[in-house]
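Q: This structure is in C-alpha cells; I'll ask about it shortly.
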Amino acid sequence: MDNHISHTEHEEERVRELLRYNILDTPDEKEFDDLTKMAAYLCDVKYAHINFLDHKRQWTKSCHGWDVREMPRDESICNHTIQRDKYMVVNDLSEDPHFKDMDYVKDKSIRFYAGVILKNNGYKLGTLCVFGPEPKQLSDNQLESLQILGNEVEAQLELRLKREELIEEHKRLKKSAIFLQNSTDIRMILDPETLRILEVNKEVEELLGYETGEIQDTTLANHLRQEKFITELKEWANNKSAQQFSSETIISTRANDPLWFQLTVTEESNRYYVTGRNISRRKQSEQRFRKQAKLTENIIQNLPGIFFIMNKEGRIKRWNNNLVDVTNRGPEETQNLPYTNFIAPKHHDKAEKALHKVFEDGHIRTELDFLSKDQKVTPILLVGFRYQTNDNTYVTGIGIDISDKKQALEELEQKEQKLKEALRIGKIGGWTWEIPDDELIWSDEVYHILGLDKEETKPTVELYFDLLPESEVERLEKLVEGIREGRGMKDIEHQMLKSDGSVIYVHQRGETHYDSEGNAIRVDGILQDVTARKKNEEKIKKALKEKEVLLSEVHHRVKNNLAIINSLLQLEMFNIENGKLKDILSKSQMRIHSMALIHETLYSWESFANISFGSYIKKLTTSLCDTFPEKSQNVDINLHTDDVSLNINQAIPCALVINELVTNSFNHAFPDSETGTVSIDLQGNDHAIDLTISDNGIGFDVPNALDNTNTLGLTLVKKLISQIDGDVDINAQNGTSFHITFTKTQSGGSSASYFP
C-alpha cells in the first residue's frame, strides 16, 4: 500500500511558523516531559510523544517510554494526523490499511495510536500523541484530557517563545548598555530652562575632579570655557531642526584644567539628556597632526627641487612652488592637469613609459625635460614613488634642476675629450696595478702605444715583462719587487717592444697607495712614449758635442792668436827706446794675456756657460807675479775666493778689472820697493757677486779717482764695471780698496763684447 501522504496546504508558511519557535533539535525540557508523562498516565498507555514535522522529517521534542527521536516524515503516523482537523485516533493500527504495513506496526511495537494537533496562528506544527503495543479505545474523558494537554503544550510553546524573546531582548539591552558605557565618558541630566545639573554619573565627577554630589545643582555654563556651545544649544532648542544637538566644547576641571568633550543633547520629558565623549586626546592628536602637516608643507615648499603628487591617470593633485617656478604656471593652470603638459614634447613618450613603470615597479629614476609656459626647457632629474591610501593609488615625484650639472657634464666631456686628444698627441697612457689581485688595467692609449688590440689582449704583469727587452728585465723586476715591499714607485725610463717587434722608449711615473697596515695595494701611473724625444736628445747631444769641439777649437785658436799678438808687441818693445811707450805696450800685453787666459780656461773647461772664476783668479795673479818679478818679491797677494762660476760675458770684464787694479797696485801703491799686500776677495751666490781688490799701499790723493782720472787703466776699469752693470765703491784711506758688486746673469755665449 502506498503510504505517501501529501503535505498540507500552505506548507512553506507552516514550516516557517514552526521554525519561528526555534524548537527543533533542542535539548529535553522538563515542562514538556511532564506533559508527555501526564498524557500517558491519563490515557493509560505505555508511550507518549510531542512531535514536530518540518519538510522532510518528524522530530520528537519529548519522549515517554518509546525513545525514537527522529524518523522520515513519510513513515510518521503524525504526518496523517496533521491532515485532520483536530485529532486522529486509531484503535488498532494493524487493521487500518494506511498503517498496517509500517515496520513498527508489523513487529507489533505499536498497535494503538491517538494524537491531537498542535497549532498556532492556524498552522499545524505537530502533535501530542499517545500510543501502545496493544489495541485500545479511549474514553471521552481521556480524549478530552488529551486535548487539554495539547492546549497546554501549545501554551508552553508560546511561553517558551516569549521567554526566548525576553532573553534576546535582555541581551540586546545589555549590549546597548555596554555600547553606551563604552561610547560615552560622561552622562548628565539638565533642566532645559536653567541648564542646572540635576543628575550625573560617577565618571563626570571622576573626570572633572569633583567630590560626590559636589557638581549637582550647578549650571553647565559655569563649567564651560566657551559661550559658543550655550548659544548654539539655545538656537537648537528654539528651532529643533534635528532630534539631537551635538557640538565640541571645553569643560574646566575642578583644578581649572581644560578638557575637550563632544557633547550630545537629547530632550525627553522636559529634560536634557547629555552624553559626552572625552576627545582631549583626539584634539591633541589633531593639533600634533596640524603641526606635522604644517611642518610637512614647509618641508615640501622648501625642498631644493620640485615636488608633486599625481593620481593613476597622471593628473597633478599637489605640488610645491618650485614646480610653479619651473613651469611658470599658477594653481589654476596646474590642478588636475596631466603631468605630460609640463613635459617637453620630445620626452612625452618617455614620460608615459616612466608613469607606467612607477605604477608597475613602485619606483623610478629618470631625466625629463620640463617645459614652461614661455617654452623654456629645464632638465630635471626625477625620482618617483608609488604609494596607496585607502583605495587610491598615487605617485610622488621629486626632482632637481640639473641644468648646471648637465652643462658641467658637457664641459667635463669636452675637457675629457681634449685631455684624451692631448694624451694621444703626447702619447701618454694611464694604467692601474691592483697588487693583491695582480690585475693590470690599461687605458686605450697604452694599447695604442704598444701596438696591441684591446679586444684581443688582456693586460697582465706577465705580458708586461714579455714586452721588455732582455736588457731591461732585471731592472724592472727590482722596481716591481720594491713596490711590493712598500718602497713606492720611482720614475723610470726604459725600452719596450711593440707588437711588431720595434723598440720604443717609455717614461713611467706612478703613485703607490697603501692600506691601513702600510701594505702596497694599488699603483696608479702613466706611461709615455718618449721615443721621439730620446731620438731628438741623441741628435742634440751629438750636435752639442760637435759644437763643443768646434768652440774648443775656436777658443784655442783665439788664445793662440792673442799669444801671437802678445809676442809681436814684445818684439816691438825691443825696438822702442821710449820708456813711456814701452810701459803702454807692457800693460797692453798684460791685458791681452788676461783675455788669453780666459780662452785657455774655456777650451779646457767642460762648460762654456760657466767658468770657475776662483780658479781663474789664481792663474791670473800667478801670471801677474811672473810679469812683475821684482815687485812680487816685496808684495804678497792674498786670495779669498768662493767657488763662484761666471759666464764668459761677465768673466772677461772681471778678469780685465782685476788685471788693471792689481797692476796699478804693483806699479803705484808701493814706491821705492816698499813691502805690502794686495788682497782679492770674491764672494757670491746664484744672484749677486761681491769683488774686492785692495792694497795697503800709499793710496790715492783723489777720492773719486774713476770720475777724475785721465789714465787709460782707470778709464778702462770704469768702462768694464759699467759693462757688467756693476757698482763700485772706492776707499783711499789706509791704502786703496775697490769694492765692486754686480748681479750674476745666467746668459752665456762663446764670445763677448769686451768693450762698450
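Read the figures in this text as sums done on the coordinates, not as results from a lab. Because the structure is a prediction, the values reported are computed rather than measured. Cβ atoms come from the backbone with ideal geometry, glycine included; neighbour counts cover every protein chain shown.
Q: Within a Cβ distance under 14 Å of THR275, other residues only, what is the Lys/Arg minus Asp/Glu net charge?
A: Working: positive: ARG187, ARG271, ARG277; negative: ASP185, GLU199, GLU203, GLU248, GLU267, GLU268.
Net charge in that neighbourhood comes out at -3.
Q: Okay, next question. Which one, (i) 34.5, 112; (ii) 31.5, 101; (iii) 65.7, 208, gives Rg and Dmax of the Cα atoms in Å as derived from the coordinates shown?
A: The listed entry that was calculated here is (iii).
Q: Need the list of lysines near LYS228 for cross-linking: C-alpha distance under 24 angstrom, and skip anything on the same chain fewer than eight residues off.
A: LYS240, LYS283
Q: Can I ask one more? Could you tell me which of the pairs LYS587/LYS618; LYS490/LYS534; LYS350/LYS415; LYS312/LYS350 are separated by over 22 angstrom between their Cα atoms in the structure shown?
A: Details: LYS587/LYS618 19 Å; LYS490/LYS534 19 Å; LYS350/LYS415 30 Å; LYS312/LYS350 17 Å.
Long pairs (Cα-Cα over 22 Å): LYS350/LYS415.
Q: Farthest toward the dipole's positive end in the chain, which of ASN320, LEU624, LEU544, given Cβ charges of +1 (Lys, Arg) and -1 (Asp, Glu) about the Cα centre?
A: ASN320
Q: For LYS541, go through the aspartates and glutamates and keep the ones whose alpha-carbon is under 15 Å away, minus same-chain ones fewer than eight residues off.
A: Excluding near neighbours in sequence, the set is GLU606.
Q: Given charges of +1 on the Cβ of Lys and Arg and -1 on the Cβ of Asp and Glu, with all other atoms neutral, how large is the dipole of segment 419-525 about its Cα centre, in debye to the nearest 20?
A: Details: 13 positive and 25 negative charges, 93 e Å.
It works out to roughly 440 debye.
Q: About the Cα centre of the chain, how large is the charge dipole given +1 on each Lys and Arg Cβ and -1 on each Asp and Glu Cβ? Please answer in debye to the nearest 20. Before the final figure, lay out each step's value.
A: On the way: 94 positive and 125 negative charges, 313 e Å.
Using only the charged Cβ atoms, the result is roughly 1500 debye.
Q: Which of the three applies to segment 37-89, rounded, prolate or oblate, going by the alpha-carbon gyration tensor with a ≥ b ≥ c and a/c under 1.5 meaning rounded? Can you show the working numbers first?
A: Numbers: a/c = 2.42, a/b = 1.34, b/c = 1.80.
Note, shape of segment 37-89 comes out oblate.
Q: Of PHE32, PHE359, PHE465, how do they rank once you tally other Cβ atoms within 10 Å and put the fewest first? Could the numbers behind the result be given before it?
A: On the way: PHE32 21, PHE359 16, PHE465 13.
Lowest to highest Cβ neighbour count: PHE465, PHE359, PHE32.
Q: In addition: Indicate the helices, whole DSSP H runs only, in the chain that combine a mean Kyte-Doolittle hydropathy of 0.0 or more with a Cα extent along their long axis of 15 angstrom or more. Don't jump to the answer; show the numbers that get you there.
A: On the way: long enough: 30-43 (20 Å, -0.14); 140-183 (64 Å, -0.75); 228-239 (17 Å, -0.88); 280-301 (31 Å, -1.78); 348-361 (19 Å, -1.26); 403-426 (33 Å, -1.39); 470-484 (22 Å, -0.74); 531-575 (66 Å, -0.62); 579-604 (37 Å, -0.17); 613-627 (21 Å, 0.05); 648-664 (24 Å, 0.93); 712-723 (16 Å, 0.89).
What comes out of the filter, once short or polar helices are dropped, is 613-627, 648-664, 712-723.
Q: Picking from VAL678, ALA48, LEU208, whose Cα lies most toward the positive end of the charge dipole for the chain (charges on Cβ: Lys, Arg +1; Asp, Glu -1)?
A: LEU208
Q: Further question: With only Lys, Arg, Asp and Glu charged, each at its Cβ (+1 for the first two, -1 for the last two), find how big the charge dipole of segment 184-284 is about the Cα centre; round to the nearest 20 debye.
A: Working: 13 positive and 17 negative charges, 85 e Å.
Rounded to the nearest 20 debye, it is 400 debye.
Q: For a 28 Å ceiling on Cα separation, which of these pairs sit above it: LYS420/LYS545; LYS353/LYS418; LYS61/LYS100; LYS373/LYS405? Show your work: numbers first, answer last.
A: Details: LYS420/LYS545 38 Å; LYS353/LYS418 37 Å; LYS61/LYS100 26 Å; LYS373/LYS405 23 Å.
Exceeds cut-off: LYS420/LYS545; LYS353/LYS418.
Q: Summing Lys, Arg as +1 and Asp, Glu as -1, what charge do residues with Cβ under 13 Å from the Cβ of CYS43 carry, CYS43 excluded? Don't jump to the answer; show the numbers that get you there.
A: Numbers: positive: LYS37, LYS46, LYS136; negative: ASP44, GLU134, ASP140, GLU144.
With Lys, Arg at +1 and Asp, Glu at -1, the net is -1.
Q: Here's a follow-up. In a shell of Cβ-Cβ distance under 13 Å around THR675, excluding THR675 itself, what net charge do Lys and Arg (+1) and Asp and Glu (-1) give?
A: Working: positive: LYS631; negative: GLU630, ASP636, ASP672, GLU674, ASP695.
With Lys, Arg at +1 and Asp, Glu at -1, the neighbours total -4.
Q: Could you name the aspartates and glutamates whose alpha carbon sits less than 15 Å from that of LYS357, not counting residues in the same chain fewer than 8 places away?
A: Result set, ordered by chain and number: GLU313, ASP349, GLU367.
Q: Rounded to two decimals, what ratio of Rg to Rh does segment 419-525 give with C-alpha atoms and a Kirkwood Rh? Before the final figure, lay out the partial values.
A: Numbers: Rg = 13.9 Å, Rh = 14.5 Å.
Radius of gyration over Kirkwood radius for segment 419-525 works out to 0.96.
Q: Something else about it: According to the square roots a ≥ b ≥ c of the eigenvalues of the Cα gyration tensor, what is the shape class of segment 42-143, taking rounded for a/c under 1.5, prolate for a/b larger than b/c otherwise, and oblate for the remainder?
A: In terms of gyration-tensor shape, rounded.
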